Amino acid sequence: MKPKEQIKNILATDCGSTTTKAILIQYDPEAGRYRLIVRGEAPTTVEAPFEDVTIGVLNSVKEVEELTHREILQQDKIIKESSENRGVDIYISTSSAGGGLQMMVAGVVMNMTAESAERAALGAGSIVMDAIATNDKRMPHERIERIRNLRPDMILLSGGIDGGTIKHVTELAEIIAAADPKPRFGSTYKLPVIYAGNKDAREPVKERLEGKTDLFIVDNLRPVLERENLQPARDKIHDLFMEHVMAQAPGYKKLMSWADVDIMPTPGAVGLLIETVAKQEDIEVVGVDIGGATTDVFSVFKDRTEEEEKPVFNRTVSANLGMSYSISNVMAEAGLDNILRWVPFTMEEKDLRNRIRNKMIRPTTIPQSLQELKVEQAIAREALRLAFVQHKQMAVGLKGIQQERTIADAFEQVSTGETLVNLMNLNMLIGSGGVLSHAPRRAQAALMMIDAFLPQGITMLAVDSIFMMPHLGVLSKVHPQAATEVFDNDCLIRLGHCIAPVEKKRRKGGEHCFTLKIENRDELKIAWGELKLIPLGEGEKVKATIIPERHYDVGDGYGKSITITLEGGVVGLVVDARGRNPFSLPSKLEERINKLEQWNKALNIYPEKE
Amino acid sequence: MKFLTLFGILFLIIQGGSLYSEIVVEDVPNDAGEALMITWDLPDDVGNISMYRIYRLDPGAEDYILVGKVENPNVNVFVDHDPRYPLHAGTEFVYKIVPVDFSQNEVESLGTSLAVSPVAQLFNFNKVNSLIATLFVFAALIFFLNYAKTGKGLFIRKIAGLDALDEAVGRATEMGKPVLYVPGLSTMSDVATIASINILGPVAKKVAEYETKILVPNRDPIVYTIVHEVVKESYLEAGRPDAFDTDQVFFVSQQQFAFVAAVNGLMMREKPATNLFLGMFWAESLLMAETGNITGAIQIAGTDSVTQLPFFITACDYTLIGEELYAASAYLSRDPILVGSVKAQDLEKAIILFLMIACSIISLIAVLAFNTYAFNQVISAIFSF
């Protein structure tokens with residue numbers, strides 16, 4: 001690989017389940033920064049009849065070639081020597097084809113080491129199929145059956161602190177050994193098992209698993225209950241993903257030989273990018289990628305329980321929430337009423353059910369009428385909401401740790417394991433995935449995210465323009481500057497700041513909520529229940545003072561005013577005073593429809609006439 | 001007019017009053033016929049009188065007995081209700097009042113009363129407020145029990161200490177160390193001990209499910225016997241009777257500080273991952289909680305002993321304060337009957353609290369602005385139960 005300074009042309013691909021996306025990034029000497037030049041895509045070719053992922057990669061790169069008139073391929077190989085109009089300096093790739101990386105985790109106690117193992121696996125970009133623990137209320141034979149039925153790509157076994165329990169960990173190893181699991185791909189190799197538990201239990205675990213599985217031992221992911229050490233386990237997962245899972249998938253050996261750095265699982269790359277951005281800008285971020293089968297939520301929040309506030313990255317994957325293959329599951333989990341509450345016209349439940357089922361059996365179709373679009377966006381709101389609920393449950397502090405108390409804690413004893421997600425501290429909310437990135441109007445994406453995540457205080461809303469976060473994630477490993485520049489300028493479309501006050505308790509509609517004083521503009525008085533769009537263009541920044549009434553908080557406490565710089569975007573400045581404690585829609589059908597229409601109109605979401 | 005006079009006479013007869021006498025004896029209402037009230041006309045000159053002696057002639061007796069005295073010569077009322085000289089409903093008694101001069105000599109009697117018998121009333125109207133309160137308690141209890149049974153779920157505020165029981169046992173499991181449970185130092189007659197044993201059941205069950213170990217030292221032999229059975233039963237409920245080790249529950253000493261020394265020694269040697277101090281504690285609370293803190297255990301304490309609470313709050317991770325300890329079994333089991341009763345009690349306490357605050361404010365206003373007597377009567381009537 002060339003030194004970083006000499007990298008001027010970057011080719012990146014993401015091999016998804018259905019499409020392979022290629023992008024070309026080049027250094028623009030005039031602008032003095034890296035830019036996205038073009039994007040090409042082609043169907044993924046992991047499955048029969050092709051069974052070679054590189055065919056799809058080559059097809060997508062060919063599209064890039066055609067669009068840029070740059071010669072990148074020669075005899076179906078990527079040219080790695082770049083000149084004026086030929087070749088690239090570096091080729092990188094991510095992959096989620098074939099279902100991505102599917103893992104099982106095991107730990108002694110479900111909400112302690114098993115949860116840590118789950119976080120390690122999710123952070124490495126895998127889908128966690130199941131977690132096994134001593135207290136999972138299953139009989140040993142049920143656990144064995146589960147492992148056999150799921151056939152994961154690998155298992156992460158943890159449990160016990162260093163010097164802690166050996167008995168429980170050994171029992172878990174015995175269960176895995178008894179299940180004698182077989183990997184999903186490739187019949188010739190043994191299933192990789194990573195042991196990241198009590199160091200004193202390594203020998204008994206070795207005795208039970210070494211012959212039957214491909215056992216790897218890494219540092220304990222919970223050496224003491226007060227601290228997590230997830231990186232060694234994550235690194236090993238990544239290595240094994242390359243060596244075992246990728247190497248077994250059709251065509252991946254060839255693809256790996258092309259790539260200049262290790263191929264990353266797609267969600268792992270997106271997570272890495274979000275983590276990098278949060279770190280660089282010292283902000284708290286939530287990112288969501290809503291796909292057809294799964295919805296990934298990434299977050300970086302500061303852990304304020306520690307003296308030194310350190311950012312904590314979390315990723316969850318809601319494997320059953322998506323907009324095509326899993327759309328029926330969204331209906332089952334959210335319930336029809338919850339979906340219908342977002343539909344701004346009268347609709348029979350039966351009609352909604354039929355539309356959802358149609359979408360499931362024809363996953364590649366897109367809405368053909370405005371009405372269909374409204375229904376799809378109503379479902380998306382619920383899928384996003386549910387995915388975020390799951391994320392909040394997983395993004396928590398460590399449980400079972402010793403606490404220091406003073407007499408002041410007499411009536412407010414905070415538990416351990418509280419969620420780290422504090423929307424009031426959230427600086428940026430990034431949406432990605434077809435329904436958000438390809439919404440006909442950006443304001444639709446903004447309102448979908450506001451309705452689903454209910455941001456509080458001041459939050460910047462953004463969407464990934466063409467879903468290139470995975471590419472940039474893996475690029476950030478080799479060229480962080482290029483990744484950041486492209487992310488900021490070409491990938492991220494800033495929709496604008498959202499101002500959402502939080503009330504102490506539910507208020508009366510029409511009550512004065514806060515005053516917004518924007519420099520050189522008329523003072524605005526906002527009433528509770530109102531949704532308003534204030535024009536503020538992309539890149540425009542204004543100094544503003546927000547003066548909330550005593551029952552409202554916009555970030556600094558109830559009734560406390562703040563002066564900040566607000567930034568606009570392609571949508572503008574969104575003022576959402578519809579309430580957060582709780583946010584609710586009118587229960588009467590007519591009132592609800594009127595309200596939705598009123599809000600849609602306020603943000604100019606849909607055209608007046610179909 | 002005649003009708004009214006006759007009615008008045010009849011009323012006096014029913015009330016047990018005597019007619020046409022200077023000494024009037026009346027039944028004291030709202031009792032079980034155990035008291036009579038005697039009133040008399042004051043003599044014209046009370047200057048020579050130091051007190052009055054009240055004599056009573058019991059049925060069948062030949063002599064009057066002294067049942068009491070009134071030491072203020074200007075007071076002409078006496079209530080005969082001395083358990084040493086009991087009265088019996090339906091039995092007639094005669095009273096005479098004898099003034100006493102300053103030389104302690106009895107002067108001429110003021111006369112004798114008619115024979116009057118005390119009457120037992122079926123209903124004590126002074127206790128109407130208690131009746132209302134009782135009916136309200138029952139109504140609230142029935143309402144909440146039925147509501148809880150509908151499965152709608154009643155809100156009980158989050159008690160961090162009880163929520164932490166799960167992670168406390170989990171911590172012990174991960175660390176491969178035992179859970180130490182001290183059910184207080186009191187006897188079974190103490191409510192806190194009973195509440196503690198109610199919590200011990202689910203804790204021991206969880207310990208059995210997690211296949212870890214629990215240690216329960218005891219100070220009282222009776223408590224020890226009960227605790228032993230509770231833990232054994234919990235292991236059985238968890239489907240792990242084989243895992244129960246009878247030595248896990250043990251008697252230490254009835255001496256307060258010998259017990260503390262033993263428990264502290266246990267903490268230093270065994271280094272339990274979790275210490276639970278739930279029940280009644282005295283001076284030993286801080287000694288045990290500090291030792292536990294030093295060993296690095298997470299500690300959950302709970303007591304209704306107000307004086308020990310500050311020590312527990314500062315030295316332990318979680319503390320159940322007073323009533324939280326009693327509510328624990330309802331909180332942990334979510335049994336509709338228990339939750340319903342907790343809810344009903346909460347409502348009653350809230351109402352009493354409200355009445356106390358409201359009456360204090362009314363009294364204050366009364367003192368500052370009005371004649372206090374009427375208000376004080378109302379308030380004392382409310383709280384007389």
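Taking all protein chains as they are arranged and a probe of 1.4 Å, the heavy atoms of B:H88 leave approximately 110 Å² accessible to solvent. Here is the list for the stretch B:44-128: trypsin sites (Lys or Arg not before Pro) lying in DSSP coil, each with at most 16 other C-beta atoms within 10 angstrom of its C-beta, are B:R84. Using a probe of 1.4 Å, the accessible surface attributed to B:Y331 totals some 20 Å² when neighbouring protein chains are kept in position.
Determine the shape class of the protein assembly as shown: with a ≥ b ≥ c the square roots of the Cα gyration tensor eigenvalues, call it rounded for a/c under 1.5, and otherwise prolate if a/b is greater than b/c, oblate otherwise. Note, shape of the protein assembly as shown comes out prolate.
The GluC sites (Glu not before Pro) of the stretch A:41-122 meeting both criteria, a DSSP state outside H, G, I, E and B (loop) and at most 12 other C-beta atoms within 10 angstrom of the site's C-beta, are A:E51, A:E81, A:E84.
In this calculation the C-beta distance from A:E349 to A:K525 is compared with R0 = 35 Å, giving a FRET efficiency of 0.30.
Dipole magnitude of the protein assembly as shown about its Cα centre, charges +1 at Lys/Arg Cβ and -1 at Asp/Glu Cβ only, in debye to the nearest 20?
3220 debye
Within the listed set B:D101, B:D27, B:D166, the Gaussian network model of chain B (springs between alpha-carbon atoms below 10 Å) gives the highest mean-square fluctuation for B:D101. Take A:D136, project a point 7 Å from its Cα along the Cβ direction, then tell me which residues of the stretch A:172-211 have their backbone nitrogen under 18 Å from it. Taking a point 7 Å out along Cα→Cβ of A:D136, the residues of the stretch A:172-211 whose backbone N falls under 18 Å are A:172-184, A:191-198, A:209. Take the Cα coordinates of chain B, assign each an equal point scatterer, and use the Debye formula without solvent to give log10 I(q)/I(0) at q = 0.10 Å⁻¹. Log10 I(q)/I(0), no solvent term: -0.81.
Whole-percent P(r), the stretch B:160-334, all Cα pairs, 10 Å bins from 0: 11, 44, 39, 5, 0.
Where only protein heavy atoms count, and the probe is 1.4 Å, what is the accessible area per residue for chain B in Å²?
Result: 51 Å² per residue.
List the chymotrypsin sites (Phe, Trp or Tyr not before Pro) in the stretch B:218-300 that DSSP assigns to loop (not H, G, I, E or B) and whose Cβ has at most 15 other Cβ atoms within 10 Å. Which are they? Answer by residue number: B:W282. Per residue, the Cα convex hull of the stretch B:19-70 amounts to 123 Å³. Near the amide H of A:L191, within less than 5 Å, lie the amide hydrogens of A:D214, all on another chain or at least 5 residues away, with H placed in the peptide plane.
Relative to the longest principal axis of the Cα atoms of chain B, the long axis of helix B:336-369 makes an angle of roughly 50 degrees. Going by a ≥ b ≥ c, the root eigenvalues of the Cα gyration tensor, does the stretch A:100-261 fall in the rounded group (a/c under 1.5), the prolate group (a/b larger than b/c) or the oblate group? Prolate, because a/c is 1.5 or more and a/b exceeds b/c. Of the whole protein surface, B:I337 contributes about 90 Å² of accessible area at a 1.4 Å probe radius.
The stretch B:251-300 and the stretch A:513-582 have Cα centres lying 55 Å from one another.
Taking a 1.4 Å probe, which of A:K532, B:K149, B:K232 shows the most accessible area, and what order do the others take after it?
Solvent-accessible surface, decreasing: B:K149, B:K232, A:K532.
With N as its number of residues, the stretch A:4-97 has a Cα radius of gyration that, divided by 2.2 N^0.38 Å, comes to 1.08. Taking amide H as placed 1.01 Å from N in the peptide plane, the amide H of A:I127 sits under 5 Å from that of A:L101, A:Q102, A:M103, each at least 5 places away or on another chain. Pairs over the 18 Å Cα-Cα cut-off, from the set A:K80/A:K254; B:K213/B:K271; A:K302/A:K541; B:K205/B:K271; A:K182/A:K212: A:K302/A:K541; B:K205/B:K271. For B:K69, the residues whose modelled amide H falls within less than 5 Å of its own, excluding neighbours fewer than 5 places apart on the same chain, are B:I54. Which one, A:F216, A:L230, A:M139, projects farthest toward the positive side of the charge dipole computed for the stretch A:100-261 from Cβ point charges (K/R +1, D/E -1)? My answer, from the dipole projection, is A:M139. Think of chain B as a dipole: +1 on every Lys or Arg Cβ, -1 on every Asp or Glu Cβ, centred on the Cα centre; then among B:L185, B:L145, B:T39, B:L145 lies furthest on the positive end. For the set A:S432, A:S369, the ranking by accessible area, highest first and with no ligand, DNA or RNA atoms included, is A:S369, A:S432 under a 1.4 Å probe.
The phi torsions of the stretch A:478-494, fed into the Karplus equation with coefficients 6.51, -1.76 and 1.60 and a -60° offset, translate into couplings of 9, 9, x, 5, 4, 4, 5, 5, 5, 4, 5, 9, 10, 8, 7, 9, 7 Hz, rounded to whole numbers, with Gly and Pro shown as x. Of B:S380, A:S96, A:S60, the order by accessible heavy-atom surface (1.4 Å probe, DNA, RNA and ligands excluded), from most exposed downward, is B:S380, A:S96, A:S60. Of all DSSP beta bridges confined to the stretch A:375-523, the antiparallel ones make up roughly 70%.
Spatially, the stretch B:97-116 and the stretch A:347-384 are offset by 103 Å when compared through their Cα centroids. Compute the relative contact order of chain B as a whole-number percentage, counting only Cα pairs closer than 8 Å that sit 6 or more residues apart in sequence. Here the relative contact order equals 14 percent. Here the Karplus curve 6.51 cos²θ - 1.76 cosθ + 1.60, taken at θ = phi - 60°, turns the phi angles of the stretch B:88-94 into couplings of 10, 4, x, 9, 8, 10, 10 Hz, with x standing for Gly and Pro. Basic side chains Lys and Arg get +1 at the Cβ, acidic Asp and Glu get -1 at the Cβ, and with that the dipole of the stretch B:160-334 about its Cα centre reaches some 260 debye. Helix B:372-383 and the longest principal axis of the C-alpha atoms of chain B enclose an angle of approximately 50°.
Taking the 1.4 Å solvent-accessible surface of chain B as the whole, the part contributed by carbon and sulfur is 63%. Within the shell defined by Cβ-Cβ distances under 11 Å, the residues around B:A120 carry a net charge of -3, with Lys and Arg each +1 and Asp and Glu each -1.
When the protein assembly as shown is described by a simple charge dipole with +1 on each Lys and Arg Cβ and -1 on each Asp and Glu Cβ, the residue from B:N74, A:I7, A:Q402 located farthest towards its positive end is A:I7. Here the 3J(HN,Hα) profile of the stretch A:431-440, calculated from phi with Karplus coefficients 6.51, -1.76 and 1.60 at θ = phi - 60°, is x, 8, x, x, 5, 9, 5, 9, 4, x Hz, Gly and Pro shown as x.
The values are calculated or read from the model by the stated rules, or taken from the named source; none is laboratory data. Just so we're clear, the structure is a prediction, and the values are computed from it rather than from any experiment. Ideal geometry is used to build each Cβ from the backbone, glycine not excepted, and the neighbour counts take in all protein chains shown. Ligands, DNA and RNA are excluded from the accessible area calculation, which covers all protein heavy atoms including side chains. Shrake-Rupley method; radii C 1.70, N 1.55, O 1.52, S 1.80 Å.
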